[in-house]
C-alpha cells in the first residue's frame, strides 16, 4: 500500500501531512517542518499561527510532492536533445 494513501478514506491524500511527506521523501520530520516553515521546499508551504499559541498549518499538495520526488517538475528536454544530437554525431 502506498504511503500516500489516507488510511481513513482509502484514497490518495490531497494535502499530505508533513510526517507522511517526510517519510515519503526519506527525510527527518524536524527537517520537513523546518523546510516548510522557511520556504526552502518548492512542493509545499507553511502558514504561521493566526494568534499567539496557535498552530502552524501546512499545505503539501500530493501531486507537487510526487513531482518533486520524481524530478518530473524539472525541464530536461534540452539535455535529452543534446544527448540525442551527440549520439547522432558519434
Listing 6, 26 by rising number of other beta-carbon atoms within 10 angstrom, fewest first, gives 26, 6
On the formula 1/(1 + (r/R0)^6), with r taken between the Cβ atoms of residue 33 and residue 12 and R0 of 30 Å, the FRET efficiency rounded to 0.05 is 0.85
Contour minus Cα-Cα span, residue 59 to residue 2, at 0.36 nm per residue, comes to 18.6 nm
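Quick note: the coordinates plus some simple rules give every number you see, no bench work behind them. Predicted model only: the values in this text are computed from it and were never measured. Neighbour counts run over all protein chains shown; Cβ positions are idealised from the backbone, glycine included.
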